[in-house]
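A.B. asks: Structure provided below as structure tokens; questions to follow.
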Amino acid sequence: MNYYNEIKEQLINNKVYKRIKDHSKNINDLNTYYNVGKLLIEAQGGESRAKYGDRLIKEYSKKLTKEIGKGYGISNLKNMRQFYLLSKSQTMSGQLTWSHYVELLRFNDINKINYYIYISIKQKLAVRELRFRIKNNEYERLPKETREKIIKKEEQKVNDLIKNPILIKNSYNYEKITEKILKQLILEDLNNFLKELGEGFSYIDDEYKIKLGDRYNYIDLLLFNYKYNCFVVVELKVTELKAEYVGQIKKYMNYIDRNIKNIDQDKTIGIIIVKKDNEFIMEYCSDDRIFNTMYNLV
């Protein structure tokens, strides 16, 4: 087989297909680059020798660029080779574009790749948004238990995708942060804040007023998670986690359960966001509906 001519034909056909059938060009892109990657592996003598075949890729790249045009540089052909190798171990979703996969092919950790494929599909991330998530080390900020669940493909709970720390944009470069300022920064970038918490979170209100006995109290943020069908109480603290914070949020959660929650909704959960963690506090917290995470200003 003349591998170069076969690769050239695949790429030319793909260029023609893009002009004729724009609505399905993404699927054809992925199929073409899969086939090219497979041919490159075969031309280099198989998988065991592929990593040593860069001279062949340089040769093909030079000829393809001269005969077909731009878009077939050395790095792009290497990406096609890697795409084929990755596709052999799992099915690549046609819901993502080639540009999405190019962002992911540089990773060696298949679980990290799977995570970003998952959220890109679920949250319909554009390539720019995916790049932003990767830059902010979102996968690395997941709890260790969540990463293990992803590997084992176990069902996730409402708290599993809460990042630690969560990143909050310090738009005005405040040097001294109060709870009021922290809340202001969150509300000004609310969409990103909800994504930092995970899936299905939606905003209800801030400074949500409730009456406990003869005194009014104010919940920092009241959210609802439509995926897990429950209210979410969020308390903001600019100090280390303290035991009294757990007692405070538990009172607020119980109030929502007794006075706001419908019978068909799950019990309210609580999230305490603090500047510094104290692992011993949560270790002895008996309520598994309460979670905590830290924040970093960026």
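For every residue, the table says whether it meets (1) of a type in the set (D, E, K, R); (2) within 23 Å of LEU182 (Cα to Cα); (3) touching a Lys or Arg at 6+ places or on another chain (Cβ under 8 Å).
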{"site": "ILE263", "(1), (2), (3)": "no, no, no"}
{"site": "ILE272", "(1), (2), (3)": "no, yes, yes"}
{"site": "PHE280", "(1), (2), (3)": "no, no, no"}
{"site": "GLU283", "(1), (2), (3)": "yes, no, no"}
{"site": "SER286", "(1), (2), (3)": "no, no, no"}
{"site": "ARG289", "(1), (2), (3)": "yes, no, yes"}
{"site": "TYR295", "(1), (2), (3)": "no, yes, yes"}
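A.B. asks: List the pairs whose first member sits in the range 180-199 and is under 15 Å from PHE224 (Cβ atoms), whose second member is at pLDDT 95 or above and part of a helix (DSSP H, G or I), and whose Cβ atoms are under 6 Å apart, counting only residues at least 6 apart or on separate chains?
C.D. replies: Listed by first residue and then by second, the contacts come to PHE193/ILE186.
A.B. asks: May I pose another question? Give LEU96, LEU130 a once-over and let me know the one that is surrounded by 18 or more Cβ atoms within 10 Å (Cβ to Cβ), hydrophobic (A, V, I, L, M, F, W, C) and outside any helix (DSSP H, G or I).
C.D. replies: Of the residues listed, the single one that is surrounded by 18 or more Cβ atoms within 10 Å (Cβ to Cβ), hydrophobic (A, V, I, L, M, F, W, C) and outside any helix (DSSP H, G or I) is LEU96.
A.B. asks: Residues in the range 232-267 that are under 15 Å from TYR208 (Cα atoms) and either open to solvent by less than 70 Å² (accessible area, probe 1.4 Å) or out of contact with any strand residue (DSSP E or B) (no Cβ under 9 Å at 6 or more places or on another chain) (or both): how many?
C.D. replies: The total comes to 15.
A.B. asks: Using beta carbons and a limit of 7 Å, which pairs, at least six apart or on different chains, have the first residue in the range 272-289 and under 15 Å from ASN159 (Cβ atoms) and the second one aromatic (Phe, Trp, Tyr) and crowded, with 16+ Cβ neighbours inside 10 Å?
C.D. replies: Pairs that qualify, where the first residue is under 15 Å from ASN159 (Cβ atoms) and the partner is aromatic (Phe, Trp, Tyr) and crowded, with 16+ Cβ neighbours inside 10 Å, are ILE272/TYR245; ILE273/TYR295.
A.B. asks: Specify the residue that is farthest from ILE134 (Cα to Cα); the eligible residues are those in the range 113-122 that are without any contact (Cβ under 8 Å) to a residue 60 or more places away in the chain and open to solvent by 30 Å² or more (accessible area, probe 1.4 Å).
C.D. replies: ILE121
A.B. asks: At pLDDT below 90, of a type in the set (Lys, Arg), closer than 27 Å to LYS267 by Cβ and in a helix (DSSP H, G or I), is that true of LYS149?
C.D. replies: Yes: the conditions hold for LYS149.
A.B. asks: Take residues that are among the charged types (D, E, K, R) and tell me which of the helices (runs of 4 or more DSSP H) falling wholly in the range 185-298 contain 3 or more.
C.D. replies: It comes to 243-259.
A.B. asks: Related question: Under the condition of being basic (Lys, Arg) and not in a loop (DSSP other than H, G, I, E, B), which residue from the range 152-181 is modelled with the highest pLDDT? Before the answer, list the steps.
C.D. replies: Narrowing the range 152-181 to residues basic (Lys, Arg): 152-153, 157, 163, 169, 176, 180.
Right, trim to not in a loop (DSSP other than H, G, I, E, B) and you get 152, 180.
Working: LYS152: 83, LYS180: 96.
Among residues in the range 152-181 that are basic (Lys, Arg) and not in a loop (DSSP other than H, G, I, E, B), the one modelled with the highest pLDDT is LYS180.
A.B. asks: Scan the range 111-158 for residues that are over 19 Å from LEU194 (Cβ atoms) and among the acidic types (Asp, Glu) and jot them down.
C.D. replies: GLU140, GLU145, GLU148, GLU154, GLU155 - these are the residues of the range 111-158 that are over 19 Å from LEU194 (Cβ atoms) and among the acidic types (Asp, Glu).
A.B. asks: Restricting to the range 1-54, and then to whatever is among the basic types (Lys, Arg) and part of a helix (DSSP H, G or I), can you tell me which residue is modelled with the lowest pLDDT?
C.D. replies: Taking the candidates together, the pick is ARG19.
A.B. asks: On to the next question. If PHE107 meets every condition in (1) open to solvent by less than 30 Å² (accessible area, probe 1.4 Å); (2) in contact (Cβ under 8 Å) with a residue 12 or more places away in the chain apart from one, which number is that one?
C.D. replies: All conditions are met except number (2).
A.B. asks: A further question on this structure: Restricting attention to the range 68-93, which residues are without any contact (Cβ under 8 Å) to a residue 40 or more places away in the chain, more than 18 Å from LYS8 (Cβ to Cβ) and open to solvent by 40 Å² or more (accessible area, probe 1.4 Å)?
C.D. replies: SER75, LYS88, SER89, GLN90, THR91
The values are calculated or read from the model by the stated rules, or taken from the named source; none is laboratory data. If you're wondering where the values come from, they're calculated on a predicted model, not measured in any experiment. Virtual Cβ from ideal backbone geometry, glycine too; neighbours counted across all protein chains shown. Ligands, DNA and RNA are excluded from the accessible area calculation, which covers all protein heavy atoms including side chains. Shrake-Rupley method; radii C 1.70, N 1.55, O 1.52, S 1.80 Å.
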